[in-house]
Structure formats: structure tokens, C-alpha cells
Amino acid sequence: MDILDLFQKGGPAMWPLLALSILSFSVIFERLWFWLRILTQEKQIVDRVLDAAIDNWQEAAVIAKRATNQPIGRFLYAPLRLQKNDAETFRLALEATAEDELAGMRRGEKLLESVIALAPLLGLLGTVLGLIQSLRSIRIGDLGTESTAGVTTGIGESLISTATGLIVAIVSLVFYRLFQSFVVNQVKVFRKAGNDLELLYRQSPPDFSNTSIIVRESVRENFTPPRKRGINKFSGSPELPDEPDSLEPEQ
């Protein structure tokens, strides 16, 4: 049997199962690409930022800002962009950013949970509907004869939807648990990186009075000072612009 033949014999429950499978696989592929990019670059970003923070906090902030396309980069850059030299504020920035980033890493989990719960139920519903249709065609006088062979075939075909629902649910459950393990590992990575960065901060806090971090520099570049009025060198009062002749009162 080919796939189209199995799909047709599975009954009407195969259509919602097809929709659930498409949703589940789209989330799985998107999350796999997301985690592949994170896991291959995360350790390098953390090492570079921590190594730079030992000697120069401004350089560490520059490196972290360049990595803000990654969750770990945004996590490390959050306290480095602050202008207040306060250890408590530094720690609060790390904790708040970590919560936001970990919440973003769990994106798609609710959808996978729904697929895991609904797919087996829809498959069972398709089987029940197929059994009802097959049993309706049975006649008492046909019991024990060859005419009931088609009924047994219909019962077997009605189980296709149950098997399909179980397959969709099992695949979704496997990747759901895999993604959850990645999130748990990220909690450990964020905690260790944050503790190391905070320890360096407490040992040698940056001097924000002498060095300006990226945020301040960008504000200065985009800031245009207002025009100053001219000062009368004799009276010390601001000079007012000459009024046009048309505004002079008539004699």
C-alpha cells in the first residue's frame, strides 16, 4: 500500500491528524535550527566575553553587543550596558534577562504538548468511527460465512488512524523531551556564565566615569546641540535678531 491509499482508508480522522503532523514537524524543524545555532556558538561567546572582562570591561561590552543575535549574548550584554556602578543592579539585570531568554527558548512547547495529547485521541476516534461503519454492514445471517471477510478487512483498515495518531504523538514527544533537556542545560550555562561575570565585576568593577560604554557613545553621535544665541559683548545680554523693516510702526 502506498501512503495515499493508507490515508484514504484511514477515514475522516486522517485530515486533522495531517494538520497536527504539519504543525508538529514545522515546530520541530524550527527548534532544531534554533538550537543548532545556539549550541555551536554559545561557548565561544562566553569565553570571549569573560576573557575580555578580565582586562577591559569596555571591550567585553563590545564583544557582547556583537553577539546580541544569540540569547547568551543578550544575557551578557544586559548588565554591561548599564551606566550605574552597582553590584546589585548588575545582578538584577542578569536575572531579569535570563528569565526572558529562557522563556523564549520554550517557544513551541505548548503546541507540541497539544499535539501529544490530541493525536492519539483523534486516532482512536477514527478507529471507533471505522468500527461503527464496519459493524453496521454485518448481518446476522452472514455470520460464519465468507461475506464477513470484508468486515474484518474494514476493521483492520480502521486501525490505521490509531496507528497514525500514535506515530505523530510519539515523534512529537521525543523532540519535546529533547528540547526540554536543552532548556535545562541552558539554565546551567546561564547560571555559570552569570556567576563568573558577576565575580569579575565584584573583583574589579568598571570605572564608568572615565570610560563610556557603547550606549553613551551612540547617544553622543546622534545628539545635535541646539544653536546658541549670540551674546552682546558690551552688555552681556543675548542679542535679538533684527526685525524686518515691514514690522516697524508707522509714524
- Please arrange PHE90, PHE7 by counting, for each residue, the other beta carbons lying within 10 Å of its beta carbon, fewest first. PHE7, PHE90
- Note on the structure: So, relative contact order of region 53-125 in percent, Cα under 8 Å, 6 or more apart, is 19
- Task: Just rank THR68, THR164, fewest to most, by other beta-carbon atoms within 10 angstrom.
- Result: THR68, THR164
- Net length gained if the chain between PHE182 and SER114 were fully extended (0.36 nm per residue, minus Cα distance): 22.5 nm
- Item | Net charge dipole size for region 1-110 [Lys, Arg +1 and Asp, Glu -1 on Cβ; Debye, nearest 20] | 200
- Step through the residues of region 115-123 one at a time and calculate ³J(HN,Hα) from phi using the Karplus curve (6.51 cos²θ - 1.76 cosθ + 1.60, θ = phi - 60°), rounding each to whole Hz and writing x for Gly and Pro. 5, 4, 7, 7, 4, x, 5, 5, x
- Can you give me the relative contact order of region 1-143 as a percent, contacts being Cα pairs under 8 Å and 6 or more apart? 28
- Note on the structure: The exposure ranking of ILE116, ILE72, ILE170, fewest beta-carbon neighbours within 10 Å first, is ILE170, ILE116, ILE72
- Message: Sort 12-22, 100-110 by packing, meaning the average of other beta carbons within 10 Å per residue, with the highest value first.
- Response: 12-22, 100-110
- Query: Rounded, prolate or oblate: which one fits region 1-111, using the alpha carbon gyration tensor with axes a ≥ b ≥ c (rounded when a/c is under 1.5, else prolate when a/b beats b/c, else oblate)?
  - Reply: prolate
- Item | Spin-label pair ILE22/ILE132, simplified geometry with 7 Å Cα→Cβ offset, distance in nm | 2.6
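No lab work stands behind these numbers, since they all come straight from the coordinates. The shown structure was predicted, so the numbers you read here are calculated from the model rather than taken from an experiment. FYI the Cβ positions are ideal-geometry reconstructions off the backbone, even for glycines, and counts take in every protein chain you see.
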